[in-house]
Amino acid sequence: MHELSIADAIAETVIEQATNHHASHVKHVSVRIGEANAVISEALIFCFEVIASSNPLLTGAQLKVDIIPHQARCRWCDCEFHVVQYITQCPRCGRWEAEMLSGTEFLIQDMEID
Amino acid sequence: MSKVSIVQNILAVNERISNDIHQLLAERQVCTINLMSSAGAGKTTLLEQTIKRLKGRLEIGVIEGDVETSADAERIEAAGAQAVQIITQGTCHLEAHMVQIALNELDLEPLDILFIENVGNLVCPAGWNLGEDLKIVVVSTNRR
């Protein structure tokens, strides 16, 4: 259940930023999380809702989670492929030397406030 | 209603605390190792042996992470090192703020090495930096 800790970390940053912007209420928060972080969107949204319900600034705030696919490119044959379960073997030439293109992102992107 | 751009690492707060811990331990010249493995791989056993074999040469302290019990800290103390137990109450990894609290209970002055024994799990402990100098992973292989 690392989703609870992640939701807690998101809430902490959002509260800090909302306070800095003198917001009365946060309505939406969007995050970009790479597939390689093994985060389950539904669990993260559920945990965020639970945490949000106990803070007046965040009550009813909705979390939008964009999961960024884990993509890699083979250094030998330039084949771009989707990495499944961290296996970085090129599906075309079979070599194991791939460069990561995306999938490790872990960002709070933006929020909508009143 | 207005849209505010944040674009900040989700674990930014953890990173901030982790950097503070790293700075504190560097000032005290304590080498800090975050010890990770899946459950039952032998982290505590490895630590017990390390403490016994380095006794008299290097002063070792241990922060023990566990979901429920303080059994591991008792084993470490019996082996002859200072130990502080963090019981995470269900959380499957250690976070920097937990380590920061535990550090208050350790006497850092005599220490050469501080081991932070993470919760037995290889998924999320990897994501949270704890202010360590090194991460070490213990891997158990099956015996045939």
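The values are calculated or read from the model by the stated rules, or taken from the named source; none is laboratory data. If you're wondering where the values come from, they're calculated on a predicted model, not measured in any experiment. Cβ atoms come from the backbone with ideal geometry, glycine included; neighbour counts cover every protein chain shown. Note: areas computed on protein heavy atoms with side chains; ligands, DNA, RNA excluded. Shrake-Rupley method; radii C 1.70, N 1.55, O 1.52, S 1.80 Å.
Summary table
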| read-out | value |
| --- | --- |
| In the stretch A:8-114, GluC sites (Glu not before Pro) in a DSSP loop with at most 16 other beta-carbon atoms within 10 Å | A:Glu97 |
| GluC sites (Glu not before Pro) lying in DSSP loop within the stretch B:61-144, provided at most 10 other Cβ fall within 10 Å | B:Glu68 |
| Most mobile of A:Gln89, A:Gln71, A:Gln62 in a GNM of chain A (Cα contacts under 10 Å) | A:Gln89 |
| Distance from the stretch A:45-85 to the stretch B:54-80 (C-alpha centre basis), Å | 37 |
| The stretch B:64-140 - percent of accessible surface contributed by carbon and sulfur, probe 1.4 Å | 50 |
| Tilt relative to chain A, helix A:41-52 - C-alpha long axis, 0 to 90 degrees, to 10 | 20 |
| The stretch A:1-80: chymotrypsin sites (Phe, Trp or Tyr not before Pro) in DSSP loop, at most 14 other beta carbons within 10 Å | A:Trp76 |
| The stretch B:31-131 - percent relative contact order, Cα under 8 Å, separation 6 or more | 41 |
| Nearest-ten-degree value, helix A:2-20 long axis tilted from longest Cα axis of chain A | 50 |
| Kirkwood hydrodynamic radius of the protein assembly as shown, Cα pairs, Å | 20.4 |
| For chain A: relative contact order, % (alpha-carbon pairs under 8 angstrom, 6 or more apart) | 35 |
| Most to least accessible of B:Thr50, B:Thr88, B:Thr45 (protein chains only, probe 1.4 Å) | B:Thr45, B:Thr50, B:Thr88 |
| For chain A, with +1 on Lys and Arg beta carbons and -1 on Asp and Glu, the positive-most of A:His25, A:Val39, A:Pro69 along the dipole | A:Pro69 |
| Student exercise, the protein assembly as shown dipole from Lys, Arg, Asp, Glu Cβ charges, in Debye to nearest 20 | 980 |
| In Hz, Karplus ³J(HN,Hα) per residue of the stretch B:75-91 (6.51, -1.76, 1.60; θ = phi - 60°; x = Gly, Pro) | 5, 5, 5, 5, 6, x, 10, 5, 9, 10, 9, 10, 9, 7, 6, x, 5 |
| Whole-Hz ³J(HN,Hα) from phi, Karplus 6.51 cos²θ - 1.76 cosθ + 1.60, for the stretch B:49-54, glycine and proline x | 5, 4, 4, 4, 6, 9 |
| Descending semi-axes in whole angstrom, ellipsoid equivalent of the stretch B:31-131, from the Cα gyration tensor | 20, 15, 12 |
| For A:Lys27, solvent-accessible area (1.4 Å; no DNA, RNA or ligand), Å² | 80 |
| For chain A, the fraction of alpha-carbon pairs in successive 5 Å shells from zero, as % | 2, 12, 20, 18, 12, 10, 8, 7, 5, 3, 1, 0 |
| Antiparallel DSSP beta bridges within the protein assembly as shown, percent to nearest 5 | 45 |
| Tensor-based shape of the stretch B:4-71 (alpha-carbon gyration tensor, a/c under 1.5 rounded, otherwise prolate or oblate) | oblate |
| Debye, to nearest 20: dipole size of the stretch B:31-131, +1 on Lys, Arg Cβ, -1 on Asp, Glu Cβ | 400 |
